[in-house]
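Student: Could you have a look at this structure, given as structure tokens, before my questions?
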Amino acid sequence: MSLARHVDPEQIIQTLENNPSKAHNHHVHTRAAVSTITPYSSRYASQQELPKFKIPQQGAPADAVHSMLKDELDLDGRPNLNLASFVGTYMEKEAEALMIENLSKNMSDADEYPAMMAMHARCVSIIAHLWGVGKDETAIGSATTGSSEAIHLGGLAMKRRWQEKRDKEGKDKSKPNILMGSNAQVALEKFARYFEVEARILPVSEESLYRLDPKLVKENIDENTIGVFVILGSTYTGHYEPVEEISEILDEYEEKTGNDIPIHVDAASGGFIAPFTYAKAGGPKWNFELPRVKSINTSGHKFGLVYAGVGWIIWRDESYLPKHLIFELHYLGGTEESYTLNFSRPGAQVIAQYYNLIHLGFDGYRAIMENCLANARLLSKTLEATGWYTCVSDIHRPKGKHVMGDPKDVSFSKEIESSADYNAGLPVVAFHLSDAFKKEYPHIKQESISTLLRAKQYIIPNYPLPPNCEKTEILRVVIRESMSMDLLDRLITDIISTTEQMMNSDPIDLGPYQPGGMGVEKQHQSKGVDHKNKHKAERPMSKGVHRTVC
């Protein structure tokens, strides 16, 4: 959630009056910026003015407020065309019905909702088995509000285990550090800053496939390293990081020094893809089959196919979750053990997760994930076949091949194929204008393509690759379950027609499509800057703090 400031309504009015151009329309009534006159329910006084930033004295009728807010929310993008997001936007009507029926249930009231808690426990068990927990291990875990909370819990457990070990050895514990690639989602670095751990953010490169470089891991670990965050599915390009290779480096380091450094796998997206697809994680192990992997998180609201609001964190054995982090709660009539950053949180998403696991089963999840990857390959190949685009993601290339060849050589599907025939990764298509295209049409800015596609209601972000590679900007499409073949065909057609439209336009014609600044209300409510001025941010990407679209 973005930070928002307190708003002074009079300040917005003054800004608009002093600079009418910022009102977007010279005839805009400035009072509209801070209040609304509802046209609904005339019998209740349709001219009633409702303030936006201060609570009204008397309120307004329910139907009028519903209609007013519904109209404003129509300005949002359409969830199914939000191709920027990994978060699911579709669930079956039976699952939606279960969620609506259980919206009022609180995960913290365990004693009051035993059936819901039983489903929670079953989800933990099912997911632990999917991730290869050993028969002699007692996996333990919990639902969270998402992968961000789960990452913080996993990182904190690693820090406390390291501290306990240092205490036993009588060594200094004041300088913990943790390793991650600069492609990490911001939640990983948030953990380090919030819990006072040095974040060693290692640069990624084209050579490392824009992911954590094992060679740099080897060079940056030491006795103060509490663990390594390894990502199963980069939000930038969809690449899986080499968990097994990094695990082997840490094995060698332990043999030489005696320092046991654990791995936490951030499988926010890949945790519900790798277990089901034929490609798995590309051959190497990534989960609890590797003894060094102590904990894994995933987002149920991504490829777990649930609406936003649920993540999962699981430790391979309860011995890896320090006892003093677990709270025994005596609340509302029962006793429960808890390890979360939140207390009250929705239970409906957990029920929906259990519904999906039981309803779809292994084969159902496999069919969905394979279909997502097949659609992502089709989009990738089509884009490269035009010669106008180059894909940074490579799930459409034969296994082991990571570089684009001649566009004329793009080969479309055989009669029988699966993800096993290609590089493993998320169903993500990250692409940019090809060198040949930029040479022929230097006046066309890639971000304009994103802007023009937004006019067709597609939300396709254009943003820079991680620090060290930020000079390259990419457009990115996430292929989710709701991307039908018909919608995909339309998307391909619209990307091609939009590109052709730009090719046939001169620089002056393209001027209006270049991104503009933030609106007045946005400037007041948001603590940030627009894309054009991103280099003026208080802590820009070059300082290590960065945000990926998720």
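The values are calculated or read from the model by the stated rules, or taken from the named source; none is laboratory data. The structure presented is a predicted model; accordingly, all values stated were derived computationally and were not measured. Backbone-built Cβ (ideal geometry, glycine too); neighbour counts: all protein chains shown. The accessibility values were calculated without ligands, DNA or RNA, using every heavy atom of the protein model including side chains. Shrake-Rupley method; radii C 1.70, N 1.55, O 1.52, S 1.80 Å.
Student: Which strands (runs of 3 or more DSSP E) sit wholly inside segment 257-355 and have at least 1 residues that are in contact with a Phe, Trp or Tyr (Cβ under 9 Å, 6 or more places away or on another chain) and farther than 18 Å from residue 151 by Cα?
Tutor: The qualifying strands (runs of 3 or more DSSP E) are 327-331, 334-338.
Student: Which condition number in (1) touching a helix residue (DSSP H, G or I) at 6+ places or on another chain (Cβ under 9 Å); (2) more than 26 Å from residue 400 (Cβ to Cβ); (3) aliphatic (A, V, I, L, M) is the one that residue 329 fails?
Tutor: Of everything listed in (1) touching a helix residue (DSSP H, G or I) at 6+ places or on another chain (Cβ under 9 Å); (2) more than 26 Å from residue 400 (Cβ to Cβ); (3) aliphatic (A, V, I, L, M), residue 329 misses just condition (1).
Student: Of all residues being assigned to a helix (DSSP H, G or I) and touching a residue at least 12 places away in the same chain (Cβ under 8 Å) in segment 234-251, which is most open to solvent (accessible area, probe 1.4 Å)? Just the residue, please.
Tutor: The residue in question is 245.
Student: Do the conditions hold for residue 450, that is, is it small (Gly, Ala, Ser), in contact with a strand residue (DSSP E or B) (Cβ under 9 Å, 6 or more places away or on another chain) and part of a helix (DSSP H, G or I)?
Tutor: yes
Student: Further question: How many residues does segment 128-151 contain that are within 22 Å of residue 229 (Cα to Cα) and open to solvent by 50 Å² or more (accessible area, probe 1.4 Å)?
Tutor: 3
Student: From 296, 313, 249, which residue is aliphatic (A, V, I, L, M), modelled with pLDDT of 95 or more and in contact with a Leu (Cβ under 7 Å, 6 or more places away or on another chain)?
Tutor: 313
Student: Output yes when any residue across segment 476-489 is farther than 28 Å from residue 308 by Cα, open to solvent by 30 Å² or more (accessible area, probe 1.4 Å) and modelled with pLDDT of 95 or more, and no when none is.
Tutor: No: segment 476-489 contains no residue that is farther than 28 Å from residue 308 by Cα, open to solvent by 30 Å² or more (accessible area, probe 1.4 Å) and modelled with pLDDT of 95 or more.
Student: Right, here's the next one. Could you list all residues from segment 116-141 that are outside any loop (DSSP other than H, G, I, E, B) and of a type in the set (Gly, Ala, Ser)? Let's see the steps before the verdict.
Tutor: In the first step, residues of segment 116-141 are kept if they are outside any loop (DSSP other than H, G, I, E, B); the result is 116-130, 140-141.
Of everything in segment 116-141, those that are outside any loop (DSSP other than H, G, I, E, B) and of a type in the set (Gly, Ala, Ser) turn out to be 118, 121, 125, 128, 141.
Student: Here is a further query. With (1) open to solvent by 10 Å² or more (accessible area, probe 1.4 Å); (2) modelled with pLDDT of 95 or more; (3) polar (S, T, N, Q); (4) in contact with an Asp or Glu (Cβ under 8 Å, 6 or more places away or on another chain) as the list, and residue 125 as the residue in question, which single condition is left unmet?
Tutor: In the conditions (1) open to solvent by 10 Å² or more (accessible area, probe 1.4 Å); (2) modelled with pLDDT of 95 or more; (3) polar (S, T, N, Q); (4) in contact with an Asp or Glu (Cβ under 8 Å, 6 or more places away or on another chain), residue 125 misses (4) alone.
Student: Just to check your reading of the model, which residue among 392, 410 is aliphatic (A, V, I, L, M) and within 26 Å of the chain's Cα centre (by Cα)?
Tutor: Of 392, 410, the one residue that is aliphatic (A, V, I, L, M) and within 26 Å of the chain's Cα centre (by Cα) is 392.
Student: Same structure again: Between a first residue in segment 487-510 that is among the charged types (D, E, K, R) and a second residue that is open to solvent by 30 Å² or more (accessible area, probe 1.4 Å), which pairs have beta carbons less than 7 Å apart while being 6 or more apart in sequence or on different chains?
Tutor: If the second residue must be open to solvent by 30 Å² or more (accessible area, probe 1.4 Å), the pairs left are 494/456.
Student: Within segment 410-456, how many residues are over 19 Å from residue 238 (Cβ atoms), small (Gly, Ala, Ser) and open to solvent by less than 20 Å² (accessible area, probe 1.4 Å)?
Tutor: The total comes to 2.
Student: Right, something else. Which one of these is open to solvent by 10 Å² or more (accessible area, probe 1.4 Å) and either on the phi > 0 side of the Ramachandran plot or not aromatic (Phe, Trp, Tyr) (or both): 261, 231, 221, 296?
Tutor: When all the criteria are applied, what remains is 221.
Student: At pLDDT 90 or above, among the acidic types (Asp, Glu) and within 29 Å of residue 262 (Cβ to Cβ): which single residue out of 328, 318 fits that description?
Tutor: Exactly one of 328, 318 is at pLDDT 90 or above, among the acidic types (Asp, Glu) and within 29 Å of residue 262 (Cβ to Cβ), namely 318.
Student: What number of residues in segment 68-109 are farther than 22 Å from residue 299 by Cα and either in a helix (DSSP H, G or I) or touching an Asp or Glu at 6+ places or on another chain (Cβ under 7 Å) (or both)?
Tutor: 7
Student: Let me ask you something else. The conditions are (1) at pLDDT 90 or above; (2) buried (at least 19 other Cβ atoms within 10 Å of the Cβ), and residue 459 fails exactly one of them. Which is it?
Tutor: If we test residue 459 against (1) at pLDDT 90 or above; (2) buried (at least 19 other Cβ atoms within 10 Å of the Cβ), just (2) comes out false.
Student: Within the set of pairs 6 or more residues apart or between chains, which connect a residue that is at negative phi inside segment 181-205 to a residue that is open to solvent by less than 10 Å² (accessible area, probe 1.4 Å) and of a type in the set (Phe, Trp, Tyr) with Cβ atoms less than 7 Å apart?
Tutor: So the pair list comes out as 183/236; 184/229; 188/229.
Student: Go through (1) buried (at least 24 other Cβ atoms within 10 Å of the Cβ); (2) farther than 18 Å from residue 239 by Cβ and name the single condition residue 324 misses.
Tutor: That leaves (1) as the condition not met.
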